[in-house]
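The values are calculated or read from the model by the stated rules, or taken from the named source; none is laboratory data. These figures come from a predicted structure and were not determined experimentally. No Cβ is skipped: glycine too gets one built from the backbone with ideal geometry, and neighbour counts run over all protein chains shown.
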Amino acid sequence: MGRVGAPYGVRGMVRVEPVSADPLALVRQPVWRLRRRGGEWADYRVDGARAHAGALIAALEGIATREDAAALRGAEVGVDRAELPAPAEGELYWADLEGLDVVNRERVTLGRVIGLMDNGAHAILRVQDGAAPERLIPWVPAFIDGVDLEARRIDVDWPADA
């Protein structure tokens, strides 16, 4: 639902860049889950959060200094799935896509979704196939043919050699 940016102030507050359709959704949550790159999710009680200049500013329990906040820079921010409303018809949570196989129109499996990222214009699907370099596929209708959650598959219009 977001990513921790630079520290805010000297008292351990963090700046979070929201990536959800509702940027204020995190403000309403009493507990955030943070995951540093390659790490495990950890829960942090939110002592206060507010919108500020297109970002969120938050005080997290146990984060008391600027150095503590700086150590969280780059961490993903989420909430427990049970706290989220059900997605509307035709919508998905990014977490629903992680682990799905990505198959092109020639029925070649390009790999498995390891995550998504937002480049500002649209989301980008991150696909990994073993030791091969990561593929980045724009999450736009021109390239995404469909998602079948039951079959755990995303169909794409993307060449196998790209």
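Being touching a Lys or Arg at 6+ places or on another chain (Cβ under 8 Å), of a type in the set (A, V, I, L, M) and assigned to a loop (DSSP other than H, G, I, E, B) is the filter; apply it to the stretch 76-110 and report the residue that is modelled with the highest pLDDT.
LEU100
Exactly one of (1) touching a Gly at 6+ places or on another chain (Cβ under 7 Å); (2) outside the structural domain of LEU136 (by TED's automatic domain parsing); (3) closer than 21 Å to GLY115 by Cβ is unmet by VAL102. Its number?
Against the list (1) touching a Gly at 6+ places or on another chain (Cβ under 7 Å); (2) outside the structural domain of LEU136 (by TED's automatic domain parsing); (3) closer than 21 Å to GLY115 by Cβ, VAL102 comes up short only on (2).
What about VAL147, is it free of Cβ contacts under 8 Å to residues at least 60 places away in the same chain, surrounded by 11 or more Cβ atoms within 10 Å (Cβ to Cβ) and within 17 Å of the chain's Cα centre (by Cα)?
Answer is no for this residue.
For the structure I just gave you, tell me whether ALA88 is over 17 Å from the mean Cα position of the chain (by Cα), over 15 Å from ARG11 (Cβ atoms) and assigned by TED's automatic domain parsing to the domain that holds GLY9.
Considered against the rule, which asks whether it is over 17 Å from the mean Cα position of the chain (by Cα), over 15 Å from ARG11 (Cβ atoms) and assigned by TED's automatic domain parsing to the domain that holds GLY9, ALA88 comes out as no.
Quick check, is ARG15 within 22 Å of ILE114 (Cβ to Cβ), modelled with pLDDT of 95 or more, touching a strand residue (DSSP E or B) at 6+ places or on another chain (Cβ under 8 Å) and not hydrophobic (A, V, I, L, M, F, W, C)?
No, not satisfied.
Considering each residue of the stretch 108-121, count those that are surrounded by 13 or more Cβ atoms within 10 Å (Cβ to Cβ) and either of a type outside the set (Val, Ile, Thr) or touching a His at 6+ places or on another chain (Cβ under 7 Å) (or both), and give that number.
So the count comes out to 7.
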